[in-house]
Structure formats: structure tokens, C-alpha cells
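Please read the structure below before turning to the comments.
The values are calculated or read from the model by the stated rules, or taken from the named source; none is laboratory data. Small disclaimer: the values here were computed from a predicted structure and weren't measured. Cβ sites come from the backbone with ideal geometry, for glycine too, and all protein chains shown count toward neighbours.
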Amino acid sequence: MKPLQIPAIHASHGGCWLRRPDLVGDMLGATTRGVGKGEAIMAVSDTPLLMLNAPLVASRLGYPDLSGLDLLELFAFVHPARFVVPTPKGMAHALGLEPPAGDADVPELLQRAAGALLATCEAEDWPEREGAWTALQSLVRLRWPWAGLVTPHLRKPEKAERWLFARLPEWEEAPERPQPAQVVLGAAEIGLRLSALTGEGAEERASQLAFAEAVGAAFAPRRGQREPHVVLAQAGTGTGKTLGYLAPASLWSAKSGGTVWVSTYTKALQRQLRRESRRAYGEGAAGGQQPVVVRKGRENYLCLLNLEDALQGGFQGRAAILAQLVARWAAYSQDGDMIGGDLPGWLGTLFRKRGVTALTDQRGECVYAGCPHYRKCFIERSARASAGAELVIANHALVMVNAARGRDVANRPTRVVFDEGHHVFEAADSTFSAALTGAETIELRRWVIGPEGKSRGRRRGLSARLADVASYDEQGALAITEAVEAAQALPSDGWLGRIVEGAPFGPVEELLGAVRALVYARDENGGSEAGYGLETEVAQLDGPFVEIAGHAQEALEALRQPLVRLGLRLEALIEDGPDWLDGPARARIEGARGAIGWRSDLIGGWIALLARLGGPADRDFVDWLAVDRSDGREWDIGLHRHYLDPMKPFAETVLAPAHGVVLTSATLCDRSGASGGETGGDDWDSAVTRSGAQHLEVAPKLFSAESPFDYAAQAEVLIVTDVAKGDIAALAGAYGRLIESAGGGVLGLFTAIRRLRAVYGRIADRLARAGLPLYAQHVDPIDTGTLVDIFRDDPRASLLGTDALRDGVDVPGDSLRLVVMEQVPWPKPSILHRARRLAAKDSGGGQRHDDRIIRARLAQAFGRLIRSGTDRGHFVVLSAAFPSRLLSAFPPGTPVRRVTLDAALQLIAAGVSGSEPAASPAAIDGRTA
């Protein structure tokens, strides 16, 4: 295995290193030397250089037009659907090479890694050989930079390789399952099942057993209609709640023959659940029904028709190369999940992010059985597999959408465990909301009309998807024609530019223009509030605005009516079908009817929103107008409606038809000390309210278990009192010194992206020179999941981020030793928040409403720190104005100190070294959580 003899470059915040080939006999006699950014840019612009993660290198060099031989692209070709952390160390581990000792050793590693990957192409036992030669021929035509180097190492197969779409397996129809048997789970058998899952010799945890028994109550036979068993179970970090609920869930599935849905909020927990579930359900027989199925929304999966379009000319340039690499992945993917599945998260960022999303069913344009790849479709395979599975791992949004639409009875969840249950309210708030915006309406137009202008697309639009129906059914054909004509009134390409220029076209664009004008007119900050979104409540609207809204309402009604009629015609066809309506055609029409139904409901929601403008407010809803902006650039305009209490529709659509529902989390209820008794200082009122159970007059069963971790010995909260709020230089200096004191392993959490970027820009170079890599969300051209993988893989790395990193990040061990919050995470003062705060105030809890939100965020952030019994670390909040009433967010017994930054640095350094600080700072207020 010889190193690849081409120049290699590596760039970090610590500098740039270049290595050029210099053969002495058969030995690599080259040396690596540090170069300035100017020389590095000249080198990469002169000839293709070997590098790792070209977008990141371009960011480090400040040279956005950089191109070269990206080792990650070669890895994606040679090892599709295989995981690798996209760092030099990660690549070395994936290929069994010696990791580089420092930045200067990286270029040589890249040459050796490239040589190892090319040697794999020659190996007889290369498991991903099939399809590689055919893909390479296409990549040669597309002038993929690696094509010429790979070709000598990849022999032409003796037999012609099957095309991707011929290799993918077909799903099979399965008979409908009978209703599950009515069974009762006993405490003894739950305990035996839990022991089997934890394994022989595992430490017995009484709290885990108690948790499993409490969850088991949700699987008892339902007492009556609209009376589900609801269990609210708070289980502190380390309780072992995953196996705790899988024990009764798997036992119930085995005894009843039914399906349990486990719902999560984050993709990270879905991946963890998939691993843990193997203990309870095994892997399943090869080619048979899988006991565990992961379900996500359609927009997460590869659409094979979109991929075929891309491979046949729909993508050009670099995007066409991406399509070929995705096709390689599709042949080896476990389930076709492009977002959070086994497609490397970094692959899309190597090309363009939209390239990945363009290959999914983002717009709901699926033609179902009309698609030539219908029998091989990843989405259909997943949906059918879930109907016969024992366990379905899904997300909160999908569970709610499935329950709300209710058409797919086989996939309607009746026994559900909501893990990360503290996010159910948030998910319901998003699911049951309405947004009449430019982005939403133009997507609806494209779905009805299909591609316009020079846009490519096949079998898109209602007329194309239902051409056979139109030729058979006169009324259906008329409804399609009327819908297409009515959709012309919706915004089209270029709508935002026309509105900004004051030249809207059509009644809906005129409405959006009026919304924009009113929002800016009412803005109190002159439109300069950091360049981010603006909003105003729906109140005191003048006559002209209401009149414009009325015209938009008429246009939407003109579209809804033919869609409703078309849905009825399709339903009649299914009930009394013609001779040509075979199984595939019936499935296609069923799919079209479902899509038309939910879009009709969507338009109905918009019409209801417009109908109340100028009239009395609906006490169940909060309505507002908004201009969405990012860094000062407008990207959407519209009207928004949210339920004041989204758990009301959640109760009707999810809880009422269910038989058993569990909400569990380490931070399910507010630790305010408001109530005592069996649950200690937990305030269960907020947890019950945010479960929706009160809307069905169901009394949930409450359970609480403290974490087994010794927080008094393992963790410490430091509230730093001398970093002035608003002083970016001081904030950046504090972060830099904290990271240096901890030696890396720092997760920095921000409440504003602009402050994150400012801090990162001030300290990244300095830290890199000290051998402390720093990565950041919203700065580095890397997706969030990959950033966490990089952070987890390097104990000296640190990561800055926002809300997405505050929850759902599992980094146990030495890679996370310090969590730093830049300030108290106050709620954003939005119109929606104000309305809910006022509603809480009416019941005596306005301030308490805010405090519950803040304590929950603090508890979630603190939960990132201690993930195992051996973890140690500090939690720092850079805020002198930290109210004492919020300290109960932290686990009981956790030491809390109010200290200066210098004292905090001393404590952190002592914790890292394992020694006592020279002078241990005392807690100023003498409190512990």
C-alpha cells in the first residue's frame, strides 16, 4: 500500500501545511512545511491538491472557490453507507492507519489514506465492489477529480453490473394484522424481562425496575373510549430509562401481537434506540419481517424517481457527481434515510446542501404506484414494515401527523412512548399550527401545477399524476382543470422580489405585500433589530388590509373547492372502480386522495385564519404577521396561527384514540420545589398541563426517579459574576480562557447566533495555536450531527452552538468536561410567548411560566455534562444576574458557587488536573441546588 504521490494540503486555525511528493527510490522522501495562506491559495489554485473536507479547508483559507481532491469524496465512493468522522484522526481510525500526532503530520496521512483507499479498489474482498465500475464510468464523463486516479485501480467486471434500480429489493404486501390481544403485564414478569435485557451480571438498579413497572401500566386494557392510560415518568439521567421502557414494551408486543411506537425528538436518540432495541428484539430474520422499524417523514428518505431524474441529466456540474455518489450509497443503505440515517451527514456539504434535499420528497409530489420504482421505494417499504413490526421508532412530528390524518389505520399509533417527553409540547405547537406564507403557497402551486418554465420534472402536477382518471371521469377531469386554473392565483417564482419592489402579482402576493408593509410600519426598532425577523399581532387592521385579505380568501376557496370535489371523485373510483383499476393503480389513487385531503385541510386552515381578520379574536388561537429574515436578508413573509394551548389538539388526535401513552424525560416536570410528597420538590402541575391529559379529564399516573449519579462529587455549577453583559470582547476572552483552562472538551451554548460568531472569530486562531481545535455551528460548513461526531472524537476539541446542542447531545467521557452558557436562557419575547405568558398570569403564574421555561433549558443543558457514573465536570453560566430562584433547575446536591472568572478558572484547572485549588472559592450565597 503506497502513499498517493500527489501534493497534499492541510489548513486549520493554527496554520497551513503543504507536502509535495519527492520519491527517493521506493521511499517517500518528502517533507511537510508550513506555508502562509497566500502561498497555500496559490498552490491549490495552480493544481488539484489532496485535502480533507474541502469546504472546511476553503473556510480556513478564506478562499471560497477552492477545489481539489477531497479524500471524503473518495471515501464515499469506496465505502458507501459507512461511517467516518471527517477529520484526519477519524479517517485514520476508519482505515486502520496511525493517527497524526499534530497538524504538520496531516498531509502525509492524507497521502497514505488515499493510497489505502485506492488499494481497496484492487482488493478481492472489497465488499462494496458491485456497481463501482459502472458508477466510475459516469463519473469519468462528469470529470470527477478522482476519476483518473481511481480508473487504473478498478478492473472492469467480467459480467455487466446490474443498474441500481435492478439491484434494490422489492417490498412485499403483507396481510392485515389482527387486533392485539388484551393482556395485563405483571410486575414480576416485567422484572424478569428487564433482567434479561440488562444482561447477566449487570448492576441491579431499583429505580430502573420501578420505572419499568410504572411504564407497564400504560399497556393495560383501556377502560373506555377516550380514556387512555397516561403515564408521566420523570427519570433522571443514568436511570436507564431506554431499557426500562423497552422491557414492558417488548413484553407486551410478544404477548399481544401488537405494535409499540417509541417517539423521540432528536435523531441522535433515534440512532441510540436502534442500537439498544437489538437487545429486546434481535436483528430479525434475513429477508423477513423486521421486528424493529425506524420511521421518519417522507422528506427524510431518498426518492428513487428524483434520483433517476438527477442521474439522467436533472443535475449538472458538481451536483451530478453528488447524484452518482448518492446512487452508490443507495445500493448499500439500510433504509434509504438521507437525513440522520447512514448517508454521511458531511456528504451534502461537500457539494451543496440543496443537492441532498432535492433528492428527497420535499414537496409531497409522490406519484405512488405511478412511479416505476414504486415496488422498491424506501418510503413505502418503511411504511409497510412498520405495520407488521413489534417496535416502531419514530419522531414526535410523525406520530402526531399520522394520528391527525388517521387514514392509515395500520400505522396509527395506539401504544406510544414519547421519550424526550419535555419536547412534546413544542412538537405539538409546530404540528398543529398554520402558516400562510410565500414559501408555503409557492410549494402548493408547484404541487398543483407542476414544473413551470425551464424547470425539469416528470409526472409532476395534478394533471400529469391523474391523467388516467381525467380520461375516465369527466367530473374528475373538470375538477383537475379548475384546480390548476385556481392555482395560478398563488405566488410563483420571483414572488419575494416583486413584493419588495412593490409590484405583487395576484391576490395572495398582494396580501403578502400588505403584510410586509404593515409589519415594517409597526416595527419599533426601525427594522434594524440585528437584521432578524419582525412580527406584529393581528389587531387593529384597517379596512384596505381586510379587503385585500378577503380577495386572497376568495382565491384560496376557489382552489379548495375543486380539490375537495376531486377527492370525492377519487373516493368514488376506489369504491366502484373501473376494469383498469388494478392494485397498483388503486394504490396510486389512494395516495393521491390522501395528499389532496391534507392539502384541502391545509387550505381550509388558511381560509379560517383570513376569515377572522378584522373580527373578534378567537381565544383558542394566537395570530400574528411576520417577515422572516436572516442576517438582514428577507426569506419569507406571512400570517401565522398557533393554538394558545397546542395540547388541546394533541389530546384529541393523539391521546383520545390511543390506549396507552407514556411521556418520559429526565426533565419532564419543573423542579421548582412547589410541591412535596412522594415526588419531592417537583412541580407536576406543569407536566400534567403540558401532557394534554386534562383535556380528556384523564388522571395520569405520576412517577419520578432521581439520577443515581453523585452530582455533589461529579459536578459543580459556577456562576461567573464579573463578565459584563453585552461586552463581546469580555465574553470572547472568558470563553477563550475557559477553554484553555479545561484543555478543550468544552461545549459552549449561546442564545444568539451573532454572539456565537463574534466569539468564535476572536478566539479560534488563538486556541488552535495552543492545540485546541474549535468548531462552531452556523460558522463551519458542517452539519450539526457531524460537528458533534467530531467533538466526541477529540478530547481537546471544543464546540460552540445554539439550541440544537442544548438537548439530545450524548457525549460521555472525557470529550465533554465543561459546559458554558453565555447567559441565562431567557425566553424570546415573541407575540406567541407573550400571549401564553398572559394566559398563565390569568391563573397566577406569569413569572412562574417564564421561570419554568428557563429552568427546563438550564436542566437540559446541565444534562449534557454528566452522562455516566465516571464523568466529571463543571457547568458555567456567564451571568452576574442569575436569580437564585432558578438554582433548583440543577439536581439536588449539586454544589453551586457564585465566583469571579479568575476563581472559576482556578476551580476548572484544579478539576482537570485532579488537584485542589490553591484557595477554594466559597459559595457567595452559601447555596447548593
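Couple of notes before you dig in:
- Of all residues in region 556-566, those satisfying the criterion of being more than 14 Å from Gly605 (Cα to Cα) and either hydroxyl-bearing (Ser, Thr, Tyr) or buried (at least 20 other Cβ atoms within 10 Å of the Cβ) (or both) are Pro562, Leu563, Leu566.
- The residue that is modelled with the lowest pLDDT, among those in region 879-929 that are touching a Leu at 6+ places or on another chain (Cβ under 7 Å) and small (Gly, Ala, Ser), is Ala929.
- Residue ID - farthest from Pro169 (Cα to Cα), chosen from residues in region 326-350 that are out of contact with any strand residue (DSSP E or B) (no Cβ under 9 Å at 6 or more places or on another chain) and buried (at least 22 other Cβ atoms within 10 Å of the Cβ): Thr349
- Among (1) in contact with a strand residue (DSSP E or B) (Cβ under 7 Å, 6 or more places away or on another chain); (2) not in a strand (DSSP E or B) - the single one Ser59 does not satisfy: (1)
- Unique residue being surrounded by fewer than 24 Cβ atoms within 10 Å (Cβ to Cβ), without any contact (Cβ under 8 Å) to a residue 12 or more places away in the chain, farther than 23 Å from Met400 by Cβ and not aromatic (Phe, Trp, Tyr) when the list is Ala254, Ala220, Ala206, Ala210: Ala206
- Of residues in region 851-878 being surrounded by fewer than 18 Cβ atoms within 10 Å (Cβ to Cβ) and over 25 Å from the mean Cα position of the chain (by Cα), the one modelled with the lowest pLDDT: Gly869
- Filter pass, Pro825 being touching a Leu at 6+ places or on another chain (Cβ under 8 Å) and outside any helix (DSSP H, G or I): yes
- Looking across region 781-807, the residues that are part of a loop (DSSP other than H, G, I, E, B) and either free of Cβ contacts under 8 Å to residues at least 60 places away in the same chain or touching a strand residue (DSSP E or B) at 6+ places or on another chain (Cβ under 9 Å) (or both) come down to Ile782, Pro795, Arg796, Ala797, Thr802, Arg806.
- Residues (closer than 17 Å to Gln823 by Cα and either surrounded by fewer than 20 Cβ atoms within 10 Å (Cβ to Cβ) or among the small types (Gly, Ala, Ser) (or both)) located in region 724-745: Ala724, Lys725, Gly726, Asp727, Ile728, Ala729, Ala730, Ala732, Gly733, Ala734, Gly736, Arg737
- Condition check for Gly236: assigned by TED's automatic domain parsing to the domain that holds His659 and in contact with a helix residue (DSSP H, G or I) (Cβ under 7 Å, 6 or more places away or on another chain): no
- One residue stands out in region 27-43 among those that are touching a helix residue (DSSP H, G or I) at 6+ places or on another chain (Cβ under 9 Å) and at pLDDT 90 or above: the one that is surrounded by the most Cβ atoms within 10 Å (Cβ to Cβ), namely Ala40.
- Here Val877, Val896 are screened, and the one residue that is within 18 Å of Leu749 (Cα to Cα), in contact with a strand residue (DSSP E or B) (Cβ under 8 Å, 6 or more places away or on another chain) and of a type outside the set (Gly, Ala, Ser) is Val877.
- In region 598-619, the residue that is nearest to Asn402 (Cα to Cα) out of those that are modelled with pLDDT under 90 and either assigned to a helix (DSSP H, G or I) or of a type in the set (Asp, Glu) (or both) is Trp598.
- Residue match in region 630-644 (condition: part of a loop (DSSP other than H, G, I, E, B), touching a residue at least 60 places away in the same chain (Cβ under 8 Å) and surrounded by 15 or more Cβ atoms within 10 Å (Cβ to Cβ)): yes
Rundown of residues vs (1) out of contact with any Leu (no Cβ under 8 Å at 6 or more places or on another chain); (2) β-branched (Val, Ile, Thr); (3) on the phi < 0 side of the Ramachandran plot, yes/no style:
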residue: Gly340; (1), (2), (3): yes, no, no
residue: Val356; (1), (2), (3): no, yes, yes
residue: Cys377; (1), (2), (3): no, no, yes
residue: Arg415; (1), (2), (3): yes, no, yes
residue: Thr431; (1), (2), (3): yes, yes, yes
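- Inspection of region 470-482 identifies no residue that is more than 26 Å from Tyr368 (Cα to Cα) and either at pLDDT 90 or above or in a loop (DSSP other than H, G, I, E, B) (or both).
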